[in-house]
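The values are calculated or read from the model by the stated rules, or taken from the named source; none is laboratory data. Everything numeric here is computed off the predicted structure, so don't read it as measured data. A quick note on method: Cβ atoms are made from the backbone with ideal geometry, for glycine too, and the neighbour counts reach across all protein chains shown.
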Amino acid sequence: MTSILVFDTPYVPINLSVPAWLISALNYSNTAHPSQVNDSQVTEVFKAAIDALNSYAVPVICVLGIIGDITSFLVFVCTSFRYQPCSQYLAALTFVDTLFLFSQLISSMMTFFPALALAPGYCNVMVYMSYVCSFLSAWYVVFMMIERYIAVCHPFRTSAISNKKKSIVLVAAMMVLSLMLYSHSVFTTSKSTQGNPCEVSRDYYDFISIFTYVDAILVFVIPFLAIVCLNLRIIFTVRKFRLQHNRLNHSIRRLQRYHNADKTLSLAQVRSTKMLVWVSSIFILLHLPSYVARLYGLVLQKLQGGNISESSRFRFMVAQHICQFLYYLNFAIDFIVYVMSSNNFRRNVSRSVKNIRQCKFQCHCEYK
């Protein structure tokens, strides 16, 4: 997850009040000397760009991402793709990504409907959902790559270690764990009395300050290290397979006989691995900037003892909004990654569209 304000308060994992935050956090040109911020015209341009980014770009990618994730979920659950390895993890990933984008879409709607923040339990539910979905999204990618590592590097142990039933149990167990782990947000989040609709309750300020680091380790540091190590091991194994494939003069029949005898990969496993490596790699690339920005903000605050200039605050917040946009993009871009990296996924999407068209045509003819 990413934080919005890391200098003054413990982070709340979701931007719950874009308009109010922009008024209070970006209006430095009215409270500081021009030399402290930047040229006033440049400041206004950045303010307008960030305002447009949060008010229009974020809702657009949320809507498009929800459509793509729902389509992907249906492909993973209702087509022949459900028989593919990791389909359970992919379906669970698209489900939690959809929930996260939905929570962000509701939060973005406060730009146009500020009364949403007054709904009972709004802050608690949105923050809780954001925490849980971010945690599950990261760990479902990790589980997906662990399963792929076993299939690629230890193919003859796959059936004993990983199967559909175990995958479903692991998905459900991780979901229960996340619901328990982040249940504190129900009582640590409250409505603000200073303009922003949500804030951390002062009674739990110290707890959230510590939990911010715990969440960063659980949601980014451990998944990051695990995914990088697993991806490197998988890539090296696949590269070795490709070299063997070339030495055998691209003879599929001889290739299958050779690898079945030597207990290594098959060509089908390599094809299915490509999409998963792309998904996990893009996950790392789009998550990394937001966590680097948070770490930089925390280090900067410690080094300067909280006495941070207004210009540094402004530049950091602009950079953080850009990083946060990339973070949101990760939850919305998976459908494009699936389409670009998997022939099997494209075939199933195409067949589904054809079946829908045929169904509509038949229903139309029967109605007539």
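Below, the figures for the structure above:
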item: Region 66-102: number of residues that are touching a Ser or Thr at 6+ places or on another chain (Cβ under 7 Å) and either surrounded by 18 or more Cβ atoms within 10 Å (Cβ to Cβ) or within 16 Å of ILE146 (Cα to Cα) (or both); result: 17
item: Only one of ARG315, ARG357, ARG346, ARG294 that is over 21 Å from ASN231 (Cα atoms), at pLDDT 80 or above and either touching a helix residue (DSSP H, G or I) at 6+ places or on another chain (Cβ under 9 Å) or in a helix (DSSP H, G or I) (or both); result: ARG346
item: Near pairs, Cβ below 7 angstrom, 6+ apart or cross-chain, from region 281-306 (surrounded by 15 or more Cβ atoms within 10 Å (Cβ to Cβ) and among the aliphatic types (A, V, I, L, M)) to any residue that is modelled with pLDDT of 80 or more and not in a helix (DSSP H, G or I); result: ILE282/ILE333
item: Any hit, region 144-157, residues being out of contact with any Asp or Glu (no Cβ under 6 Å at 6 or more places or on another chain) and within 29 Å of VAL186 (Cα to Cα); result: no
